[in-house]
Amino acid sequence: MPEEDLIELKFRLYDGSDIGPFQYSPTSTIAILKERIVADWPKDKKVAPKVANDVKLICAGKILENSRTVGQCKTPFGELPNGVITMHAVVQPSLAKAKSVVNEVELEPWVSGSYSSGGENTS
């Protein structure tokens, strides 16, 4: 593939630092980009994705779907010569993990016995 067909991308993290830039084929999927982000995520960050599905990529204000290709997500701004497209990488842990944390918080008053069986606070 000729080099001019490649699309140059960098990924902006929550603290303003970047991963990249890297060059990708227009046929590369968003899932491939997410795998690269997880592999190259800086080890010194407090918040880090564990798997590719923990990463949400945002470009031009839209969350990108894993099955889409880089070429499909390219905005008109990407047509600029020698332009690097910046995508925002947001860490969002899997829904199952988030639900378990919410359930623990909701159940805590009932488990600790601070409520009577009628649901009224006895303290």
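Each value in this text was obtained by applying a stated rule to the coordinates, not by laboratory testing. Remember, predicted model here, so these are calculated numbers, not experimental data. Methodologically, a virtual Cβ is constructed for each residue, glycine included, from the backbone with ideal geometry; neighbour enumeration extends over all protein chains shown.
Expressed to the nearest 5 percent, the antiparallel share of DSSP beta bridges inside the range 3-92 is 75 percent.
The value of relative contact order for the range 3-92, using C-alpha pairs under 8 Å at least six residues apart, is 38 percent. Among Ile32, Ile37, sorting on how many other beta-carbon atoms sit within 10 Å of each Cβ, with the fewest leading, yields Ile32, Ile37.
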